[in-house]
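See below for the structure under consideration.
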Amino acid sequence: MLGGIGLSNEEGQEVDALLRQPKHLGLLAFLAMPKPGTWHRRDTLLLTFWPELDQSRARTALRSALHMVRRHMAEGSIRNRGDDEVSIDPALLSTDVAAMQTDFEGTRYAEALARYQGPLLPALYIADADGFEKWLQRERTRINGMARKSAALLSNARENEGDLAGAIDAARRASELDPDDEVAARRWISLLDRVGDRTQAFAVYERFRTHVAEEFGTRPSAETLALVESVRVRKLATRVEGEREEDKAPASREEVEGALTESGAPRNIDSGRSADSNETAKARARHRAIWAAAAGVIIVTLVAAGFRWRADEMRGGGSLKQLVVLPVDNETGDPDLEYVGAGMADGVARRLQSMGGITVRSGARSDWPAGTRHDFKTIANTFGATALLRTSISRFEDSLEVNVFVIDAASASEKRIATRRFTTAGIGNVESEISAAVAGALFRVPLPSIPRPPDRAIDPESYRVSLEGWHQLLVLRNVKAAKVLFLEATAKDPLNARAWSGLSSVVASETVSDQVPFDEGYDRATAAAERALALDSLEGTALANLAVLQMLRSRNLQAGLDLMQRAVRAEPANPEIFMVQSAVYRTAWQWDKARDAIRVARQLDPLTPFYLDREATVEICAGRPADALKLYQNELALNPDQIARAGVTRSLALVGRYDDAIGSWREQALAEHDRHLADALGLVHGESGYWSMKHIEGRKRLSALEKDAGRRWISPMETMRARFAAGDSAGGFEALGRAERDRAVGLYRLTCMPDLDEVRNTPHFAAIVARVGGLPSGSQ
């Protein structure tokens, strides 16, 4: 029940039927808490699950629900004590919650903490059961508190044993389990300071400072500020003293006088030597005291300079670097290896973005025009970049080789900074090495490690497979292939947060596009996203997915806006998040906000045609096809790709220029070497000719859908789109009526669907659109 919901029998087979029944599953979970064997009064169960029913009907409902649960459990699992109490036989059911509590009570804190994989019963929602929701929230808080205590006590124990690395790891977990806990944050910072990892200590402080500022509008306490200042002074002192050890000779008179003079201190120092050994010792003591004073002055000066640097950085001064990661040059000649280079460059971008002092625009997965990707001056001007990162991969015997170059934006001069040979099992390690090399080249300071390292090493094969999954999803737009890859990656390593985040994306996509029943898709996508966030709270994509799902489930825009804002804060340079945000505003018919969000995505990656297509789609949804046509035509002049051509064709038809639309469509067919389609398009003209050709394509699609009818679930929305595409308006409106009766969430996107372009101006369609409206946006 922690971090996900799973129920299996003694053979390890999942009890899927019960998992699909939220109220029955919730009842079983309630009975199993806090441990199987706990007796629960029936009156409590009635108030928790059926508060709206009178006593007699509620008891009938409870008996029915217990009967349904018993059907899926081992015989005798549910016990009665008299007429008033019910419990689960602990010999027949075990739970991770009970095991965690037993470990905690037995002071096995490492085991208890390891069992806490995330919040209790994530994504479980039961309609009309406020009592259950309140109980679930209390239990989530209690178990999270147990996990925090386990982490804190484990950290203390590890420290007492001399295991500082273990103590730091437990302190980190305690702080991440409660980001508001300032005491936990201070302990983590103190331990990092103790082992000398002061760069990471500052990173922890910055994360906490940002969190309390955004969540509560406040600052860390004076105690925390004092701690961080002491860490800062120790770090600077270490930097000033360098390799000097106590048993070495003190600094020379010239060194000390020079340091004091630069600091504004007087030069008249007399530390004459004496033949007497006592006098010599005293002189050396004075020298050490003077050196300490000088170092103190230097430290104060450097601290002040450090504060000035931070202030300059926050004002957008010259210290802040602007880096653009270019699409990878795949020199292997194997398109199947495209994902390796793109995934590696994207991983480097994510690592660099987390450092601070640098803003990263990643085009690693982008499909930039060939003539643009090596026009470094144009790219630098477009993004306002100070540097560009170019990566190429090639084959070297039975391995791969990556070469990394940093390009100075002002001069367009290029410098190779790293060459690494690797197999796909070593991608994660190469990413880290490249990130450090890039940071060193940008800041002229070698960095031994990159902040925000993974909590543990991800299985190399799981990491490679997840990279391929993201490539399929974001570049090739193949959701089915991506899903298979993410499932494989999570199976190989259940602690791979990026793979869980990717799985949440593909299932959320299936859910929103009506490929799976909404409730089923919601539960699975939410569980995957929450698993990702339990492993890495800064997975912005997972946060965005949760936001969309919650908005659609509650049918209220406000329900997910906080999560969407958190996603943006977590990964402000990720254009995918803004694309998702734009799609959400489209469902609410807030066209200007949808356009604003997708324009941010385009600014983050202005050379990828896909984001322009999303902006033009907003204009079409809003009933402004002429504006969409201008966008597509401008893009076509710069980059004559399939997206721009298809967009021009659709927009021309929507503004009534059917012959021009047919001509555009024919040009696209010729560009794709489809001579048969081009010849057919050359024989038709006008509105009727355009739609007759569209219907030919649509009938092929409808025929394939009808063949799938017995093999998979098909939503009324999918049927409706296929009917309209095939020219069967009567069948399309009939399916649309069924979807309206079912209150399908896809109805909010009616004005955006290309398959409905032919009927979008009919009174029948207008009446349905008026009834459905957009996703409500009022406060909850």
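Dipole of the chain computed with +1 at Lys/Arg Cβ and -1 at Asp/Glu Cβ about the Cα centre; of 435, 769, 362, farthest Cα towards the positive end is 769.
Here the simple spin-label model places points 7 Å from the Cα toward Cβ, and for residue 127 and residue 396 these points are separated by 6.0 nm.
Candidates 685, 48, 61 compared by Cα position along the dipole of the chain: farthest toward the positive end lies 48, with charges placed on Cβ. For region 65-216, the carbon plus sulfur part of the accessible surface works out to 48%, probe radius 1.4 Å. Subtracting the Cα-Cα distance of residue 47 and residue 21 from their residue separation scaled by 0.36 nm leaves 7.4 nm.
Might you report the magnitude of the Cβ-based charge dipole of region 606-651 about its Cα centre, with Lys and Arg at +1 and Asp and Glu at -1, to the nearest 20 debye? About 100 debye. With R₀ set to 45 Å, the beta-carbon distance separating residue 138 from residue 195 gives a calculated FRET efficiency near 0.75. Annotation: peptides 524-531, 57-64, ranked by per-residue average of other Cβ atoms within 10 Å with the highest first, follow the order 524-531, 57-64.
Working ranking of peptides 748-761, 486-499 by packing, defined as the average number of other Cβ atoms within 10 Å per residue, highest first, is 486-499, 748-761.
Placing +1 on the Cβ of every Lys and Arg and -1 on the Cβ of every Asp and Glu, with nothing else charged, gives the chain a dipole about its Cα centre of roughly 1160 debye.
Excluding residues on the same chain fewer than 8 positions from residue 134, give the lysines whose Cα lies under 22 Å from its Cα. Once the sequence-local lysines are set aside, what remains near residue 134 is 23, 35.
Per residue, region 96-248 exposes 51 Å² of accessible surface when a 1.4 Å probe is rolled over the protein heavy atoms with every protein chain present.
From helices alone, the chain scores -19500 deg cm²/dmol at 222 nm; the rule is -39500 (n - 2.57) for each run of n ≥ 4 DSSP H residues, then divide by the residue total.
Dipole of region 57-157 computed with +1 at Lys/Arg Cβ and -1 at Asp/Glu Cβ about the Cα centre; of 110, 72, 131, farthest Cα towards the positive end is 131. Relative to a virtual label point 7 Å from the Cα of residue 711 in the Cα→beta-carbon direction, which members of region 465-486 show backbone nitrogen distances below 20 Å? Residues 478-485 qualify, since their backbone N sits under 20 Å from the label point. In a fully extended conformation the segment linking residue 206 and residue 233 would gain 8.1 nm over its present Cα-Cα distance, using 0.36 nm per residue.
Of the peptides 385-393, 635-643, 407-415, the order by per-residue mean of other Cβ atoms within 10 Å, starting with the highest, comes out as 385-393, 635-643, 407-415.
With both residues required to sit in the chain, DSSP beta bridges show an antiparallel share near 70%. Overall, region 640-722 carries a charge dipole of about 360 debye about its Cα centre when +1 sits on the Cβ of Lys and Arg and -1 on the Cβ of Asp and Glu, all other atoms neutral. Bridging of residue 415 to lysines at a Cα separation below 25 Å is possible for 321, 377, once same-chain residues fewer than 8 apart are set aside.
The values are calculated or read from the model by the stated rules, or taken from the named source; none is laboratory data. Just so we're clear, the structure is a prediction, and the values are computed from it rather than from any experiment. Every residue, glycine as well, gets a Cβ built from its backbone with ideal geometry; the counts of neighbours run over all protein chains shown. Note: areas computed on protein heavy atoms with side chains; ligands, DNA, RNA excluded. Shrake-Rupley method; radii C 1.70, N 1.55, O 1.52, S 1.80 Å.
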